[in-house]
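To start, the structure itself, in structure tokens.
The values are calculated or read from the model by the stated rules, or taken from the named source; none is laboratory data. Quick caveat: nothing in here was measured; it's all calculated off a predicted structure. Virtual Cβ from ideal backbone geometry, glycine too; neighbours counted across all protein chains shown. The accessibility values were calculated without ligands, DNA or RNA, using every heavy atom of the protein model including side chains. Shrake-Rupley method; radii C 1.70, N 1.55, O 1.52, S 1.80 Å.
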Amino acid sequence: MNPRKPLLTAALLLSPALAFAHPGHDHAGLMSGIAHPIFGLDHLLAMLAVGLWAAQQQGSARWLLPLTFVATMLVGGLLGFAGIEMPLMETGIAGSVLALGLLVALAVRPPLAVAAGLTALFALSHGVAHGLELPALSSPWGYAAGFVAATAALHGIGYAIARNLPQLAMPLVRIAGGASALAGAWLLMA
């Protein structure tokens, strides 16, 4: 028997848990809210990609895209907290990883309204998912504050990385976008 088969089998069996990183937060509060975007693969990739994509833009889009994401994610969180569900929410989250990765990989610069609209759509999926969890948590507002802070920080990290790379290393940003897109495709199939 091929020694890699058990490892591949284990990876395939465990992969859906990575794609659906939303059920259950044991110690919900500020620190859990901070940890979730950092340790949830789908969120980590999407949040970094927003920052990378913002850095590829010009003018006000550089700050408006991350701001739009955070603001719309908050609106989505409130909708979810109120019990409003979004169809295909998990698919939307995985799709946001794929789409944002492609936008970074291709260095797409659409009109500001289109870029902000796409960003808001992706943020809504992430926000609703977490808003639906909030009522069951022991400290929903602490969790929400942590999630927002971590999201903004990840946007900032992606932005800072892309803006501070030497010109010769700029293809690395596009490669990172491509890797994120591949991960998004994998999440969609999981």
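Does Met47 fit the bill of being more than 20 Å from Ala136 (Cβ to Cβ), open to solvent by less than 10 Å² (accessible area, probe 1.4 Å), at pLDDT 95 or above and in a helix (DSSP H, G or I)?
Considered against the rule, which asks whether it is more than 20 Å from Ala136 (Cβ to Cβ), open to solvent by less than 10 Å² (accessible area, probe 1.4 Å), at pLDDT 95 or above and in a helix (DSSP H, G or I), Met47 comes out as yes.
Looking only at the range 144-167, which residues are without any contact (Cβ under 8 Å) to a residue 60 or more places away in the chain and within 14 Å of Phe69 (Cα to Cα)?
Selection gives Ala153 alone.
Within the range 40-83, track down each residue that is among the aliphatic types (A, V, I, L, M) and under 20 Å from Ala185 (Cα atoms).
Listed by number, the residues that qualify are Leu41, Leu44, Leu45, Ala46, Met47, Leu48, Ala49, Val50, Leu52.
Any idea which of (1) free of Cβ contacts under 8 Å to residues at least 60 places away in the same chain; (2) touching a Gly at 6+ places or on another chain (Cβ under 9 Å) is the one Pro111 doesn't satisfy?
Every listed condition holds for Pro111 apart from (2).
Looking only at the range 84-97, which residues are under 18 Å from Gly184 (Cα atoms) and open to solvent by 50 Å² or more (accessible area, probe 1.4 Å)?
The first filter runs over the range 84-97 and keeps only residues under 18 Å from Gly184 (Cα atoms), leaving 88-97.
Of everything in the range 84-97, those that are under 18 Å from Gly184 (Cα atoms) and open to solvent by 50 Å² or more (accessible area, probe 1.4 Å) turn out to be Leu88, Thr91.
Name the single residue, out of those in the range 81-97 being part of a helix (DSSP H, G or I) and not aliphatic (A, V, I, L, M), that is farthest from Gly178 (Cα to Cα). Show your work before the answer.
First, pick out the residues of the range 81-97 that are part of a helix (DSSP H, G or I): 81, 89-97.
Then keep just the ones that are not aliphatic (A, V, I, L, M); that gives 81, 90-92, 95-96.
Numbers: Phe81: 34, Glu90: 21, Thr91: 19, Gly92: 18, Gly95: 14, Ser96: 13 Å.
Restricting to residues being part of a helix (DSSP H, G or I) and not aliphatic (A, V, I, L, M), the top hit is Phe81.
Find the residue count for the range 159-184, including only residues that are open to solvent by less than 80 Å² (accessible area, probe 1.4 Å), assigned to a helix (DSSP H, G or I) and either modelled with pLDDT under 95 or of a type outside the set (Ser, Thr, Tyr) (or both).
Residues in the range 159-184 being open to solvent by less than 80 Å² (accessible area, probe 1.4 Å), assigned to a helix (DSSP H, G or I) and either modelled with pLDDT under 95 or of a type outside the set (Ser, Thr, Tyr) (or both): 12 in total.
Residues in the range 122-158 that are over 20 Å from Leu41 (Cβ atoms), within 17 Å of the chain's Cα centre (by Cα) and open to solvent by 50 Å² or more (accessible area, probe 1.4 Å): how many?
Residues flagged as over 20 Å from Leu41 (Cβ atoms), within 17 Å of the chain's Cα centre (by Cα) and open to solvent by 50 Å² or more (accessible area, probe 1.4 Å) within the range 122-158 amount to 1.
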